[in-house]
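Where a number appears in this text, it was derived from the coordinates with a stated rule and is not lab data. Keep in mind the model is a prediction, meaning the values are calculated, not measured. Cβ atoms come from the backbone with ideal geometry, glycine included; neighbour counts cover every protein chain shown.
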Amino acid sequence: MASTQEVLPTPLDATSNPPPLFDGTTRLYTYYSCPFAQRVWITRNYKGLQDQIKLVPIYLPNRPAWYKEKVYPENKVPALEHNGKIIGESLDLIKYVDSNFEGPSLFPKDPEKAKFGEELISHVGTFTGELRTAFKAEDTVKQADAQFDYLENALKKINDGPFLLGQFSLADIAYIPFVERFQTFLSEMWKYDITAGRPKLAAWLEEINKIDAYKVTKTDPNEVVVSYKKRFLEQQ
């Protein structure tokens, strides 16, 4: 696995000119604090593709008009410019990067593990949606319990490593950007420890936090709290 140390480019805003689009360069359009884009950023880093896939951060609060007009009509991140086309949607993109670029494979060939991996990735939208709903519910902790119990039980299924499919995979990448943020916010606002009584989840987080490819993508916890308070608690 290649070194993940790199100088991060300055985000482009409405005053910025576009890069030389569709010139053969592979570009990952991202926003440093976006959990969806973080999935693809982790995948890129873990596979050692820092030289092959150039980061192009977009400042979403004041995004450049050319991004929607010339790059990605959906006007969101992540998006990948590769082989003359643009591909979006983070779960599709992590699979695309894993399948179409060199580097260590991030999905198991074992049929049973692969099937379980697809189930986990398919469930991640439910997991995140239920927790977002919990932040606005009367019994936040009870609703959060059910979701983190799901992860704890998932981590018990395959016992040949600390990760969801044993070894680090796309399944872990699908969940960790959101677990990272939910852990911070629940701890700060409700004094809720997502690892209490969940040894597998505690070990999972400990091991993921040893992975350089992930560590360099983490968002400042203070930024998470400010953003989530505004989003979930101040606009009820």
task: Could you pull out the pairs from K95/K215; K70/K113; K54/K142; K157/K215; K76/K230; K47/K68 whose alpha carbons sit more than 31 Å apart here?
output: K70/K113; K54/K142
- prompt: Using the alpha-carbon atoms, what tilt in degrees (0 to 90, nearest 10) does helix 199-208 show relative to the longest principal axis of the chain?
  reply: 20
statement: Here the gain from full extension of E223 to Y150, 0.36 nm per residue of separation minus their alpha-carbon distance, amounts to 23.6 nm
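Would you mind classifying the stretch 34-116 by shape? Square roots of the alpha carbon gyration tensor eigenvalues, ordered a ≥ b ≥ c; an a/c under 1.5 is rounded, otherwise it is prolate if a/b is larger than b/c and oblate if not. Spell out each step's value before the answer.
Values: a/c = 2.24, a/b = 1.95, b/c = 1.15.
Verdict is prolate for the stretch 34-116.
Normalising by the residue count of the chain, find the relative contact order in percent from Cα pairs under 8 Å and 6+ residues apart.
Values: 303 pairs, mean separation 49.1, N = 236.
Rounded, it is 21 percent for the chain.
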field: the chain, dipole about Cα centre (Lys/Arg Cβ +1, Asp/Glu Cβ -1), debye to the nearest 20
entry: 280
message: Shape verdict for the chain, please, from the Cα gyration tensor: rounded (a/c under 1.5), prolate (a/b greater than b/c) or oblate.
response: oblate
task: Check the straight Cα-Cα distances from K85 and name the aspartates and glutamates below 12 Å, setting aside those fewer than 8 residues away within the same chain.
output: D23
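At a Förster radius of 35 Å, what calculated FRET efficiency corresponds to the Cβ-Cβ distance of K68 and E102, to the nearest 0.05? It would help to have the intermediate numbers written out before the result.
On the way: r = 31 Å, r/R0 = 0.90.
FRET efficiency, K68 to E102: 0.65.
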